[in-house]
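Novice: Have a look at the structure that comes next, please.
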Amino acid sequence: NWDIGRMAMVDRNILRLAIYEMLHRDDIPPVVSINEAVDIAKKYSTDDSGKFVNGILDAVRGSSGVALATPEADIPKWMQLASSREGIALCPETAVCLGALEVLLKLGKVKPTERIVVFNTGAAQKYPEAVHEQLPRLDCTKPIEWDRI
């Protein structure tokens, strides 16, 4: 249930400025944007902000500048889709990646013919509130009706 609103406001704004520089200012080397952002985060935000900002900006740089967000409301949809199509119980933080992948496909940043790897970093079992049960209940005292499953 983590969203961007829980991120320190200083960190959010540092990331916005640094990502803007990395994507739109060819006169500023990305490493300079990252180093300055990390220094500002260390000075004006929380103890762990420097590492956090560095990790996010390094991921943006490593992805050739792609950073986006997807609606949290879509998480259950992506968890269900992965489970029904692939038999994989995704954690919410990985399900969001599928939403991002859909956006990247629409933007043409990823081609439908490309092979994409999405790492599942957790387990759906830890988030029962995110899983919506749609399977019929089995009664152990009766024979299984396989056509209902």
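Novice: Once you have the Cα-Cα distance between Asp147 and Leu68, take 0.36 nm times their residue separation minus that, and quote the gain in nm to one decimal.
Specialist: Gain in length upon complete extension: 24.3 nm.
Novice: Give the cross-link partners of Lys51 among the lysines, using a straight C-alpha distance below 21 Å as the criterion and excluding same-chain residues fewer than 8 apart.
Specialist: Counting by Cα, and skipping residues close in sequence, Lys51 has these lysines nearby: Lys42, Lys43.
Novice: What list do you get for Arg85, Arg25 if you sort them by fewest beta carbons within 10 Å?
Specialist: Sorted ascending by nearby Cβ count, the order is Arg85, Arg25.
Novice: Determine, for Asp11, Asp27, Asp74, the number of other Cβ atoms within 10 Å of each Cβ, and report the residues in order from fewest to most. Could the numbers behind the result be given before it?
Specialist: Numbers: Asp11 22, Asp27 6, Asp74 15.
In order of increasing Cβ crowding within 10 Å: Asp27, Asp74, Asp11.
Novice: Moving to a separate point now. Can you tell me the length gained on complete extension of the stretch Phe119 to Arg137, counting 0.36 nm per residue apart and subtracting the Cα distance?
Specialist: Taking Phe119 through Arg137 to full extension adds about 3.4 nm, to one decimal.
Novice: Would you mind calculating the relative contact order of the chain from Cα pairs under 8 angstrom and at least 6 residues apart, reporting the percent as a whole number?
Specialist: Reported as a whole number, the value is 16 percent.
Novice: For a quick check, take a GNM of the chain with Cα springs below 10 Å and name the residue from Thr113, Thr70, Thr46 with the largest mean-square fluctuation.
Specialist: Thr113
Novice: Then there's this: How big is the charge dipole of the chain about its Cα centre, in debye rounded to the nearest 20, if each Lys and Arg gets +1 on its Cβ and each Asp and Glu gets -1 on its Cβ?
Specialist: Magnitude of the dipole: close to 180 debye.
Novice: Does segment 72-130 classify as rounded, prolate or oblate by the C-alpha gyration tensor (a ≥ b ≥ c root eigenvalues; a/c under 1.5 gives rounded; else a/b over b/c gives prolate, otherwise oblate)?
Specialist: The shape class here is prolate.
Novice: Oh, and also: Between segment 1-76 and segment 88-127, what's the alpha-carbon centroid distance in Å?
Specialist: 20
Novice: Additional query: Lysines near Lys77 by alpha-carbon distance under 25 Å, same-chain residues fewer than 8 away left out - which ones?
Specialist: Within the straight-line cut-off, Lys77 pairs with Lys106, Lys109, Lys111, Lys126.
Novice: Say each of Tyr20 and Met7 gets a label point 7 Å from the Cα, pointing the same way as Cα to Cβ; how far apart are those two points in nm?
Specialist: The two pseudo-label positions are separated by 1.5 nm.
Novice: Next up: To the nearest 0.05, what FRET efficiency results for Leu81 and Lys126 with a Förster distance of 25 Å applied to their C-beta separation?
Specialist: Rounded to the nearest 0.05, the efficiency is 0.85.
Novice: Let me ask something additional. Tell me whether segment 1-71 comes out rounded, prolate or oblate; compute the Cα gyration tensor, take square roots of the eigenvalues as a ≥ b ≥ c, and use a/c under 1.5 as the rounded threshold.
Specialist: oblate
Novice: If you don't mind, there's one more thing I want to ask. Can you match log10 I(q)/I(0) by the Debye sum over Cα atoms at q = 0.08, 0.10, 0.12, 0.20 Å⁻¹ to one of these, (i) -0.54, -0.65, -0.75, -1.10; (ii) -0.34, -0.49, -0.66, -1.27; (iii) -0.21, -0.34, -0.49, -1.34, based on a calculation from the structure here?
Specialist: The listed entry that was calculated here is (ii).
Novice: Okay, next question. So how do Val60, Val31 line up by other beta-carbon neighbours within 10 Å, fewest first?
Specialist: So the residues, fewest neighbours to most, are Val31, Val60.
Values quoted throughout were computed directly from the atomic coordinates according to the rules given, and no laboratory measurement underlies them. Treat the numbers as computed from the prediction; the structure is a model and nothing was measured. Backbone-built Cβ (ideal geometry, glycine too); neighbour counts: all protein chains shown.
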